[in-house]
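Participant: Starting off with a structure, shown below.
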Amino acid sequence: MANRAWWEAAPMRYDWREDLGAAPGTEAYFGEIDRRFLSSAKSFLPWREIPFDTLIPFADLGGRDVLELGVGHGTHAQLLSSHCGSFTGIDLTAAAARMTARRLGQCGLRGRILQMDGEALGFSDDSFDYVWSWGVIHHSADTPRILAEISRVLRPGGLCTVMVYYRSWWQYHAFGLARGLLRGGWGSLHGIRAGNTDGAIARYYTPSEWRSVTRGLFEVTSIQVCGLKSDIVPLPHGALKDAVVKRLPDAAARVLTSRLRMGSLLIAQMRKPDRAR
C-alpha cells in the first residue's frame, strides 16, 4: 500500500530541513518535535492556557472517551490523554504507533495506541464521545469512507474536530499556477500541489466541498481557514523566505491566512446528530 509505505519511510516528526538532534524516542526528541510544531501552530492558532484549547473542548473531556486518528509522534495524544477519561489513538504506521505509545509511557499517561487503518476502524458503534484528527484523513485513498467510520464509532451528540487541506485561491491556485510555469511545463493543479506536499495522496477541500462530503454524517457547526506564515510568502524555501516570514507579525499573518483565506488549512467542528433527530 503506497500510502502506508510513504509514511513509514517519512514519519511526521518535523525534521524536514534540520535534524532533530536527539535520539529517537527520548524525552529530548519529543520535546524538540513539540517545540517546532507548537511554536508554528501558536502563530496561527494562539491559545489561552493549553495548546489548541480554542479547538479542543478540554474542560468537557473529563470522563469522556476520546479517539485520535493519526497520532504521528504523539503531541496531541499527550494533550488529550491527560484531560480525558479514556484515550485511544490510532495510526496507519507501526512507527507512529510505537513512538506515541513510548511517549505516553514516559509521561505516565494511560492510553491505547493501535496500528490501524482509519478506513476500517476496529471499534464498536457508538464507542467515543470526541474524535480528533489533525492533518490526516485528506491523505486517505477514501476520505468519505473514513468519515463514515468516524460517524459510526462516535456516539449520538458526540463531537469531532478535523483539519484537512484547504483548496485556497492563493496556496492552491496561485501557487500551483506559478509552480507550473516555473518548471516549464503544465499539468493539473491537483497534481502540482500534491507533488509539493506530504504523503502519497493529498486531497483539498473548500468549505462547500467539505459540507458536501460530510452531509448525512455530521452537522458541521463551524469551519475556519488558517495557515502558516509561510503560506503567504510566494518564495522558495531558503534564507530569504525565512527572513520575510520572521519579520511578518503573527496578527497580520492571521488576517491574511484566515480572513482573506490565503491559508492552506481547513478546520471543521462537527457534531453527530442525535438519533431522535
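Participant: Just how large is the dipole of the range 62-137 about the Cα centre, in debye to the nearest 20, putting +1 at every Lys and Arg Cβ and -1 at every Asp and Glu Cβ?
Facilitator: 500 debye
Participant: Turning to a different aspect of this structure: Just the number, please: Stokes-Einstein D of the range 227-277 in µm²/s, Kirkwood Rh from C-alpha pairs, 37 °C, 0.692 mPa s.
Facilitator: Using the Kirkwood radius from Cα pairs, D works out to 256 µm²/s.
Participant: From the backbone phi of the range 61-67, what are the Karplus-calculated ³J(HN,Hα) couplings (6.51 cos²θ - 1.76 cosθ + 1.60, θ = phi - 60°) in whole Hz, Gly and Pro given as x?
Facilitator: 8, x, x, 9, 9, 10, 10
Participant: Suppose all protein chains stay in the model; what accessible area per residue would a 1.4 Å probe give for the range 27-70, in Å²? Mind showing how you got there, number by number?
Facilitator: Numbers: 2000 Å² over 44 residues.
Here the per-residue accessible area is 45 Å².
Participant: Residues with amide H under 5 Å of Thr206's amide H, sequence separation 5 or more or different chain, H placed in the peptide plane at 1.01 Å from N; which?
Facilitator: Arg167
Participant: May I pose another question? Whole-Hz ³J(HN,Hα) for each residue in the range 235-248, computed from phi via Karplus 6.51 cos²θ - 1.76 cosθ + 1.60 with θ = phi - 60°, x for glycine and proline: what do you get?
Facilitator: For the range 235-248, the Karplus curve yields 10, x, 4, x, 4, 5, 4, 4, 5, 5, 4, 4, 8, 7 Hz.
Participant: So, one more: Mind pulling the per residue volume of the convex hull built on the Cα atoms of the range 12-72? Å³ is fine.
Facilitator: Details: hull volume 7.4 nm³, N = 61.
Convex hull of Cα atoms, per residue: 121 Å³.
Participant: If you don't mind, another one. Please give every one of the lysines within straight-line cross-link reach of Lys42, meaning a C-alpha to C-alpha distance under 18 Å, and leave out same-chain neighbours fewer than 8 residues apart.
Facilitator: Qualifying lysines at Cα under 18 Å: Lys229, Lys246.
Participant: So, with a 1.4 angstrom probe, what is the percent of accessible area on the range 26-180 that is carbon and sulfur?
Facilitator: 51 percent
The values are calculated or read from the model by the stated rules, or taken from the named source; none is laboratory data. Keep in mind it's a predicted model, so treat the numbers as computed, not measured. Every residue, glycine as well, gets a Cβ built from its backbone with ideal geometry; the counts of neighbours run over all protein chains shown. What goes into the accessible areas is simple: the full protein's heavy atoms, side chains included, and nothing from ligands, DNA or RNA. Shrake-Rupley method; radii C 1.70, N 1.55, O 1.52, S 1.80 Å.
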